[in-house]
Structure formats: C-alpha cells, structure tokens
1. Under the 0.36 nm per residue contour assumption, what length would be gained going from the current alpha-carbon distance of ASP127 and VAL9 to full extension?
2. Please report the net charge: other residues with Cβ closer than 13 Å to the Cβ of LYS7, K and R +1, D and E -1.
3. Hey, what do the phi angles of the range 23-34 turn into as Karplus ³J(HN,Hα) couplings, whole Hz, using 6.51/-1.76/1.60 and θ = phi - 60°, x for Gly and Pro?
4. Using 0.36 nm times the number of residues separating GLU138 and VAL116, minus their current alpha carbon distance, what extension gain do you get?
5. Loop only per DSSP, at most 12 neighbouring Cβ atoms within 10 Å: give me the trypsin sites (Lys or Arg not before Pro) in the range 1-103, ordered by residue number.
6. Within 10 Å of each candidate Cβ there may be at most 12 other Cβ atoms; applying that plus a DSSP loop requirement, which GluC sites (Glu not before Pro) in the range 69-128 survive?
7. Which lysines, on any chain, are close to LYS123 with Cα under 27 Å apart, when same-chain ones fewer than 8 places away are left out?
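Any read-out appearing in this document is the output of simple, stated calculations on the displayed coordinates, not a laboratory observation. For clarity, every value in this text was computed on a predicted model and none was experimentally measured. So basically every Cβ, Gly included, is an ideal-geometry build from the backbone, and we count neighbours across all protein chains shown.
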Amino acid sequence: MNTQDAKRVLETALICASQPLTLREMRSLFADELGADSLRGLLDELGRDWDGRGVELVALASGWRFQSRPELREYLDRLHPEKPPRYSRAVLETLAIIAYRQPVTRGDIEDIRGVVVASQIVKQLEDRGWIEAIGHRETPGRPALYATTKAFLDDLGLASLEQLPALDVGSEPPAFEALQGRLLDAPAEHAPAVENAAEAAATPSLFGADGTPAIPNPDPADP
C-alpha cells in the first residue's frame, strides 16, 4: 500500500471513529505491517493536510481524533444552543487539586481547601469520568487515592498532565479559571453538577488576590 492510500485509510478510520484511536488500533488497520514510527509519520502528514481547515487532527491522552477548531465553536453552538453544564466552585477546586497534586486522598483535599469534601462532589467527578481511585494510602483507614483519568485530559484537549495550565500564572488567569473555561466546553456525556452560588461564595480560593497559587503541599514529606 502506498503512502497516499495509507493516509486515506487512516483519515477514514479517524473520521468514522466515535472515540479517539490508539496507535495499536490504527496499526491493526494495516494488519500490523506498518511500524509505529511510520504510522506517526503518516499522522503528521495527515495533520498537515488538514492545516487551515475547520477540523484538525489532535493527539489526546487516549489516542488521536479529528475535532473542530476552537475558534469555530461559536458557530457550531448555534446548531445546539442549549447552555453548557455548569459546575460549582467546590467541584472544580476539588478537581484542580486532584489534577495538580495527584494522587491525593479526600483528607489531602480537605487540608488544602479548608472545608469538608462532600461525598457528592467526589461522586460527581467520578460519574463524569474525570477522576478515579487508583489505590489506597497505607495509613490507618487506608483512604482511597484519587487521580485524573484519560477522559479528563481528552475533554481538556490535552495529551498529558504536563500540558495543564501552569500554576505560576503571574498576571494570567489562575489555573482554576483556565480549567473551568475548558471543562465547560467538554462534551456532557454524563450528568453534570449544578452550580451552587452559595457554596461557591463560601469556598476558599486556591489562589491569592495576586493570582499566585495558594495550594499547600498535602504531604509534609513531599518537598
């Protein structure tokens, strides 16, 4: 199979796929006769072929997919004008702590936020597919350790945690606000949390008045 035909196969599979495709899945299209390096080269070429168009090929945590470019969202929203799901500040702050300090326990999150983390908040994030328990800390009670999922990164349009907004924000919007803006654009495949203004107003901010992070280290042994 020549390069052009191989790109056509990849393009068709990626456009028709309902979920991001992994390299292993894409190699199966060619009966594993195409090496990983060659496949990545074809993906790079395919991405360049779509430069300047309304759809782009992106690499996410769980694989590759075609998606619309962010600058076209306002037009696409006119097809489905319903309001995007809103999440309370408590939910998003909990998510931000897990994202930047993972793995963490509920106790760690409570130490950082200064308030009790309701079971409903954790359940909302688990139901949304953004966090999961990946083990237990070997301390009394063996509390669950929570971390973010590939679905969380996919919904943010990221390939890895290293691409999260930097905590050293300076004059830029805080990482919490950056996460909120991107997550509100995420597909609402699961039941969303409802924004609670009273709870948001009573929740301590993760960032100081100057926009610098105010997240203490949950583990004293961790430098």
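1. On the way: separation 118, 0.36 × 118 = 42.48 nm, distance 3.47 nm.
Extra length available between ASP127 and VAL9 comes to 39.0 nm.
2. Working: positive: ARG8, ARG40, ARG48; negative: ASP5, GLU11, ASP44, GLU45, ASP49.
Residues close to LYS7 contribute a combined charge of -2.
3. Listing the rounded values in order: 4, 4, 5, 5, 5, 5, 4, 10, 6, 6, 7, 10 Hz.
4. Working: separation 22, 0.36 × 22 = 7.92 nm, distance 2.15 nm.
Full extension of this stretch gives 5.8 nm more.
5. Working: sites: LYS7, ARG8, ARG24, ARG27, ARG40, ARG48, ARG53, ARG65, ARG73, ARG78, ARG86, ARG89, ARG101; in loops: ARG53, ARG78, ARG86.
The qualifying sites are ARG53, ARG78.
6. On the way: sites: GLU71, GLU74, GLU82, GLU93, GLU110, GLU126; in loops: GLU82.
In loop regions of the range 69-128 (DSSP not H, G, I, E or B), the sparsely surrounded GluC sites (Glu not before Pro) are GLU82.
7. LYS83, LYS150
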